[in-house]
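The values are calculated or read from the model by the stated rules, or taken from the named source; none is laboratory data. Because the structure is a prediction, the values reported are computed rather than measured. Counting neighbours? That spans all protein chains shown, and the Cβs are built from the backbone with ideal geometry, glycine included. The area values use the complete protein model at the heavy-atom level, side chains included, leaving out ligands, DNA and RNA. Shrake-Rupley method; radii C 1.70, N 1.55, O 1.52, S 1.80 Å.
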Amino acid sequence: MGILSKLFGRSSDDDAPVTLSPFSSDGVRPSVEALMAAIGKLADAMDTDDAPLSNPGWRGRLRDLRNARGELRLLTRKPAFTKDDLFEVLTTVRPLYRGEPPKDFAHLAELNTAVVDAIEAVHQAAR
């Protein structure tokens, strides 16, 4: 056992080959499409006449959501994609918050929860 193995707590038994589960882009596609719809509804609700668009953070988050939706749309247009491709795009999807809604975002709580649930559904479908 080398020094790095001792440091990271690996034993010789950890050298077993890793088995990968099969991934089907067609199997995960409905979950990704549901996520795109949830992101679209949240982004549309954020982009209203009374939205604080003068706030650069709000505009940035809105832009991030729309960009993530566009990247997911481009991914689903491919005939097939890999799990790595999916997770590379999925890491760019950031809901407004996790947990309890801040008072300024309370009116978006239901839509934000739908995005969080859709992200989890994509993760589950990709397993």
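The table below gives the values:
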{"read-out": "Some residue of segment 48-58 being in contact with a Leu (Cβ under 9 Å, 6 or more places away or on another chain), free of Cβ contacts under 8 Å to residues at least 12 places away in the same chain and aliphatic (A, V, I, L, M)", "value": "yes"}
{"read-out": "Verdict on residue 99 being out of contact with any Asp or Glu (no Cβ under 8 Å at 6 or more places or on another chain) and over 18 Å from residue 41 (Cβ atoms)", "value": "yes"}
{"read-out": "Pairs with Cβ under 6 Å, 6+ apart, first in segment 104-122 and over 16 Å from residue 92 (Cα atoms), second basic (Lys, Arg) and open to solvent by 50 Å² or more (accessible area, probe 1.4 Å)", "value": "111/41"}
{"read-out": "Residues (under 19 Å from residue 71 (Cβ atoms) and in contact with a Leu (Cβ under 6 Å, 6 or more places away or on another chain)) located in segment 97-125", "value": "115, 118, 122"}
{"read-out": "Selection from segment 37-95 of residues that are farther than 22 Å from residue 113 by Cβ, open to solvent by less than 20 Å² (accessible area, probe 1.4 Å) and in a loop (DSSP other than H, G, I, E, B)", "value": "81"}
{"read-out": "Qualifying residue in segment 98-119 (condition: touching a helix residue (DSSP H, G or I) at 6+ places or on another chain (Cβ under 7 Å), open to solvent by 60 Å² or more (accessible area, probe 1.4 Å), within 21 Å of residue 25 (Cβ to Cβ) and not aliphatic (A, V, I, L, M))", "value": "no"}
{"read-out": "Members of segment 42-58 found to be within 19 Å of the chain's Cα centre (by Cα) and charged (D, E, K, R), listed by number", "value": "44"}
